[in-house]
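The values are calculated or read from the model by the stated rules, or taken from the named source; none is laboratory data. Everything numeric in this text was worked out from a predicted model, so none of it was measured. Note: ideal-geometry Cβ built from the backbone for every residue, glycine included; neighbour counts use all protein chains shown. Accessible surface areas use protein heavy atoms only, side chains included; no ligands, DNA or RNA. Shrake-Rupley method; radii C 1.70, N 1.55, O 1.52, S 1.80 Å.
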Amino acid sequence: TSSGLTEGKHCSVCGMVLVAQEIIPPTSSSDGLEYRMDDESKTCAVIGLGTYADSNVIIPKVLSNGYTVTEIGEKAFADCTATSIYIPDGIKKIGTRAFYNCANITEIHVPSSVTEIGTQVFYKASNLNTVYYDSMYSNSDNPFLNIANIKKIVFGGKRVPDVIKSCNN
């Protein structure tokens with residue numbers, strides 16, 4: 001749960017560093033999910049399911065150590081078998097392919113706090129058919145492209161992102 005260092009190597013005669021130690025970012029899995037911690041900002045990113053066993057994944061806003069969850073990392077839930085994933089308000093970034101090939105998820109809610117979304121976030125999420133999209137985020141790498149099954153996108157934000165208006169779906 002705190003930062004660490006790799007072993008590194010040094011000469012036993014002169015003390016010269018042969019292999020420098022590198023910082024290992026802390027991880028935590030008190031709820032089963034895996035996190036990458038940032039000790040300086042006291043924030044963290046979900047980076048994987050870890051030992052989380054429930055099919056309904058609930059990402060917490062704040063961990064028991066006081067760190068605020070602000071990001072879903074790249075491929076964090078790739079290939080997961082979860083049926084639902086709750087993304088709390090406070091998540092600012094969703095990494096590339098975060099929900100790649102999550103075949104059992106049928107709907108997801110993107111909160112208004114999201115200000116950055118990677119590409120192909122929902123790619124191959126074959127049963128995803130409803131997205132509740134409160135975020136104002138938009139760019140040309142639309143996270144909804146290449147998802148043939150989406151039947152409904154419910155916008156809770158103040159405007160429909162321009163890239164969504166131009167989509168054929």
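Values for this structure:
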| read-out | value |
| --- | --- |
| Accessible area of the range 20-132 divided out per residue, in Å², using a probe of 1.4 angstrom | 47 |
| Diffusion constant of the range 1-120 at 37 °C, which comes from Stokes-Einstein with the Kirkwood Cα-pair radius and 0.692 mPa s, µm²/s | 210 |
| Nonlocal amide H pairs with Y35, under 5 Å, H built at 1.01 Å | S28, I47 |
| Under 5 Å, built H, 5+ apart or other chain: amide partners of T119 | T96, R97 |
| Order by protection proxy (mean Cβ within 10 Å, highest first), peptides 32-38, 71-77 | 71-77, 32-38 |
| Nearest-0.05 FRET efficiency for E40 and L5, computed from C-beta distance (R0 22 Å) | 0.85 |
| Entries in K42/K93; K9/K75; K42/K92 that, when Cα-Cα distance is taken, lie over 25 Å | K9/K75 |
| Sequence ranges 94-101, 50-57, 119-126, 9-16, ranked by mean other-Cβ count within 10 angstrom, highest first | 94-101, 119-126, 50-57, 9-16 |
| Amide hydrogen neighbours beyond the local backbone of T43, cut-off 5 Å, H modeled | D38, T68 |
